[in-house]
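A.B. asks: Please read through the structure below; I'll follow up with questions.
The values are calculated or read from the model by the stated rules, or taken from the named source; none is laboratory data. Please read these numbers as outputs of a predicted model, since none were measured by experiment. Because the Cβ atoms are built from the backbone with ideal geometry, glycine has one as well, and the counts that use them run over all protein chains shown.
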Amino acid sequence: MKNTGEFELIGRISESVRDSVPEGVTGIGDDCAVIPQQSGRDTLVTTDLLVEGRHFLLPGISPGELGWKSAAVNISDIAAMGGRPESAFLSIALPGGFGPEWVDEFIAGFRELAGRFGVALLGGDTSASPDKLFINVTLLGSCEGGKALKRSGARPGDLVCVTGTLGDSGAGLRLVTEQASGAATAESGTARYLLRRHCKPEPRVAEGLALAGIPGVHSMMDVSDGIASDLRHILDASGGLGAEIETGSLPLSGELLEICRERCWEAARLALCAGEDYELLFTIAPEALGSVQAALEAAGGAVATVIGRITEAGTPLCWKGWEGEPPRGFTHF
Ligand code: ADP
Ligand code: MG
């Protein structure tokens, strides 16, 4: 079989259904579909599939953590549009050995996070699976009509910003992988922090809502595959813009720096390429920076760091301070 990339496949699907998308509806290509309602608000819809061995390793993640993470990755896509998450649908395909206790713990973890945002589980589907565990969550949310923050709104001259820190989840995954291969991972506070960032990510809902209220915020998405490929989506969706990113400005946690020193891991590579940070990547007019920082502080959420700027259409994406092949994010296939 020809090795067709994930995004090429999505592009093919998108092309072949484009003529069926109603006027005014945003379909394939953003973190959520955006469907205008008569009420004047827009409905946001997202769905994510988690496959054992691809998206998570067993026993590397507990049932409760997996329930949390299944909710988190979808809630994060609603946050990425500046929306409010509302209701969820859960489909699971369970191989042998996953009994009622496993399901109870999974649902408890799912509810622990979903409950914080008032997200109710309203339906789903359940099947047996011949081999691996599959989890699919669909999340519905809403935002003020026409106010969804899309990937396509970036403009030349915009500052590129990101909430929180990058690379922690990637380091957490390395620790999970080490544990799965039988290596003893130190029970340090640093390891616990990084494992938590990987297994129980915090979707940036309050931050997304705060940013959606600021006119100078032009585009946004969440960081699922690593900014090396996620930023590309913003540039492509915004008409083939370029960007200059200062890799020395990437926000890195003390815990990431510590483990990278200990294990000789490259912190910048984890921050750019590993993904699953579920932070918000967004672009703003330079004069909006003060309002952005003030709104994030008022929301009690993660602060934002400026990591670069958007350049004219046709200019390249430059990773300043990065040597060798351009960094690449996670991709299936
Ligand atoms: P995210 O990482 O934000 O969840 P993805 O990279 O998974 O986004 O998907 C990008 C876009 O492609 C989204 O709009 C998603 O809905 C759409 N998409 C992905 N796979 C399919 C598919 N099999 N059929 C239709 N749309 C898809
Ligand atoms: Mg996303």
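A.B. asks: Could we say that L44 is over 20 Å from the mean Cα position of the chain (by Cα) and at negative phi here? It would help to see each step written out before you state the result.
C.D. replies: Working: over 20 Å from the mean Cα position of the chain (by Cα): no; at negative phi: yes.
Taking the combined requirement at face value, the residue does not satisfy it.
A.B. asks: I've got another one for you. Give me the residue from region 1-39 that is within 16 Å of ligand 2 (Cβ to nearest atom) and charged (D, E, K, R) and, out of that set, nearest to R204 (Cα to Cα).
C.D. replies: Ranking the qualifying residues of region 1-39, first place goes to D31.
A.B. asks: Could you please find all residues in region 232-262 being touching a strand residue (DSSP E or B) at 6+ places or on another chain (Cβ under 7 Å) and within 13 Å of ligand 1 (Cβ to nearest atom)? Lay out the reasoning, then the answer.
C.D. replies: Let us first name the residues in region 232-262 that are touching a strand residue (DSSP E or B) at 6+ places or on another chain (Cβ under 7 Å), namely 232-235, 238-247, 249-251.
Of everything in region 232-262, those that are touching a strand residue (DSSP E or B) at 6+ places or on another chain (Cβ under 7 Å) and within 13 Å of ligand 1 (Cβ to nearest atom) turn out to be R232, H233, I234.
A.B. asks: If you scan region 53-70, which residues turn out to be over 18 Å from E101 (Cβ atoms) and modelled with pLDDT of 95 or more? Give the derivation first.
C.D. replies: Initially, region 53-70 is screened for residues over 18 Å from E101 (Cβ atoms), giving 53-57, 60, 69.
Scanning region 53-70 gives a single hit, K69.
A.B. asks: Within region 52-82, how many residues turn out to be aliphatic (A, V, I, L, M), away from ligand 2 (no atom under 16 Å from the Cβ) and within 20 Å of R111 (Cα to Cα)?
C.D. replies: Taking region 52-82 and keeping what is aliphatic (A, V, I, L, M), we get 57-58, 61, 66, 71-73, 75, 78-81.
Right, trim to away from ligand 2 (no atom under 16 Å from the Cβ) and you get 57-58, 61, 66.
Next cut, within 20 Å of R111 (Cα to Cα) only: 61, 66.
Within region 52-82, residues that are aliphatic (A, V, I, L, M), away from ligand 2 (no atom under 16 Å from the Cβ) and within 20 Å of R111 (Cα to Cα) number 2.
A.B. asks: Any residue in region 218-240 that's over 18 Å from G82 (Cβ atoms) and without any contact (Cβ under 8 Å) to a residue 60 or more places away in the chain: show its pairings with residues that are within 13 Å of ligand 2 (Cβ to nearest atom) and part of a helix (DSSP H, G or I) at Cβ separation under 9 Å, as long as the two are six or more apart or on different chains.
C.D. replies: Short answer, once both residue conditions are applied: D236/R151.
A.B. asks: Name the strands (runs of 3 or more DSSP E) wholly inside region 112-176 in which the number of residues that are without any contact (Cβ under 8 Å) to a residue 60 or more places away in the chain is 2 or more.
C.D. replies: Details: elements: 120-128, 134-144, 159-163.
The qualifying strands (runs of 3 or more DSSP E) are 120-128.
A.B. asks: For the list (1) within 24 Å of L90 (Cα to Cα); (2) within 16 Å of ligand 2 (Cβ to nearest atom); (3) touching a residue at least 24 places away in the same chain (Cβ under 8 Å), I need the number of the one condition that D42 fails.
C.D. replies: (2)
A.B. asks: Still on this structure: Could you list all residues from region 192-210 that are outside any helix (DSSP H, G or I) and of a type in the set (K, R)? If you could, list the steps in order and put the result at the bottom.
C.D. replies: If we filter region 192-210 for residues that are outside any helix (DSSP H, G or I), which is where we start, we get 200-204.
Scanning region 192-210 gives K200, R204.
A.B. asks: Tell me the strands (runs of 3 or more DSSP E) entirely within region 211-290 that contain at least 3 residues that are in contact with a His (Cβ under 6 Å, 6 or more places away or on another chain), at pLDDT below 95 and more than 16 Å from ligand 2 (Cβ to nearest atom). Spell out how you get there, then give the answer.
C.D. replies: Values: elements: 217-222, 241-246, 280-284.
Result: empty, no element qualifies.
A.B. asks: Now for a separate question. Please enumerate the residues belonging to region 63-89 that are in contact with a helix residue (DSSP H, G or I) (Cβ under 7 Å, 6 or more places away or on another chain) and away from ligand 1 (no atom under 16 Å from the Cβ).
C.D. replies: The answer is P63, G64, E65, L66, G67, W68, R84.
A.B. asks: Of the residues R18, R12, only one is at pLDDT below 95 and either under 24 Å from the mean Cα position of the chain (by Cα) or within 13 Å of ligand 1 (Cβ to nearest atom) (or both); which?
C.D. replies: Details: R12 fails: at pLDDT below 95.
Exactly one of R18, R12 is at pLDDT below 95 and either under 24 Å from the mean Cα position of the chain (by Cα) or within 13 Å of ligand 1 (Cβ to nearest atom) (or both), namely R18.
A.B. asks: Please verify whether region 87-101 includes one or more residues that are under 29 Å from G153 (Cα atoms), surrounded by 18 or more Cβ atoms within 10 Å (Cβ to Cβ) and over 16 Å from the mean Cα position of the chain (by Cα).
C.D. replies: Yes, that holds for at least one residue.
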